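The values are calculated or read from the model by the stated rules, or taken from the named source; none is laboratory data. These numbers were taken from a predicted model, which means no experiment stands behind them. All Cβ positions, glycine included, derive from the backbone under ideal geometry; neighbour counts span all protein chains shown.
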Amino acid sequence: MTGPAFADSKRTHRFPIRVYFEDTDAGGVAYHANYLKWAERARTESLRDMGLPHSLMMERYNAMLVVRRIEVEYVAPARLDEALLVATRVKGFGAASLDLSQDVLRAEGEAVLARMAIGLVCVRPDGLRPTRLPPPWRTALAGLAPV
């Protein structure tokens, strides 16, 4: 598998995942909660690949992104040892919010296994009150959001 990358004119981040034994049930099918873990990992790596990791947001701006909403549609099962991709796309953003879509795909053939709609909110760690997305993130997201 290759490393994570942006595709589609940098609008889609693609992050590789492998289904390990620990991710599956006794039948070798990936447990449903692991799709959420894989999506979280892919979101984190997409920010890192933009040069804007969570740690920078926390250290420099005293802010962090937290999940506000997730909707998941499971389409087909992922199985033991399969190579997968998590495709992350920015759907839109507001002053303190970010909406993403994430698809879990088979790496070969790119059949969709799960579709997710994620709503994030930027908050201050002390009290978890909403705060504006920091300027570097707003600028980067503006370049990734649909026109």
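Hey, any hits in region 103-111 for a residue that's closer than 14 Å to Ile17 by Cα, without any contact (Cβ under 8 Å) to a residue 24 or more places away in the chain and under 14 Å from the mean Cα position of the chain (by Cα)? Scanning region 103-111, I find at least one residue that is closer than 14 Å to Ile17 by Cα, without any contact (Cβ under 8 Å) to a residue 24 or more places away in the chain and under 14 Å from the mean Cα position of the chain (by Cα), so the answer is yes. For Gln102, the conditions (1) of a type outside the set (A, V, I, L, M); (2) outside any loop (DSSP other than H, G, I, E, B); (3) touching a Leu at 6+ places or on another chain (Cβ under 8 Å) are fulfilled apart from (3). Taken over region 17-35, the criterion of being surrounded by fewer than 17 Cβ atoms within 10 Å (Cβ to Cβ) and in contact with a strand residue (DSSP E or B) (Cβ under 8 Å, 6 or more places away or on another chain) is satisfied by Arg18, Gly28, Val29, Tyr31, His32. Before we move on, is Leu80 surrounded by fewer than 17 Cβ atoms within 10 Å (Cβ to Cβ), touching a strand residue (DSSP E or B) at 6+ places or on another chain (Cβ under 6 Å) and farther than 15 Å from Lys37 by Cα? For Leu80, the condition - surrounded by fewer than 17 Cβ atoms within 10 Å (Cβ to Cβ), touching a strand residue (DSSP E or B) at 6+ places or on another chain (Cβ under 6 Å) and farther than 15 Å from Lys37 by Cα - is met. Annotation: Met57 fulfils all but one of (1) at pLDDT 95 or above; (2) out of contact with any helix residue (DSSP H, G or I) (no Cβ under 8 Å at 6 or more places or on another chain); the unmet one is (2). The residues listed here are Val66, Val72; of these, the one that is under 20 Å from Pro135 (Cβ atoms), modelled with pLDDT of 95 or more and in a strand (DSSP E or B) is Val66.
Just the residues that are of a type in the set (Lys, Arg) and free of Cβ contacts under 8 Å to residues at least 60 places away in the same chain, please, taken from region 113-131. Scanning region 113-131 gives Arg115, Arg129. Those residues that are within 26 Å of Trp137 (Cβ to Cβ) and either polar (S, T, N, Q) or at pLDDT below 95 (or both), I need them from region 94-112; list them, please. Result: Ser97, Ser101, Gln102. Residue check: is Ser55 farther than 20 Å from Pro146 by Cα and surrounded by fewer than 17 Cβ atoms within 10 Å (Cβ to Cβ)? Against the criterion (farther than 20 Å from Pro146 by Cα and surrounded by fewer than 17 Cβ atoms within 10 Å (Cβ to Cβ)), Ser55 qualifies.
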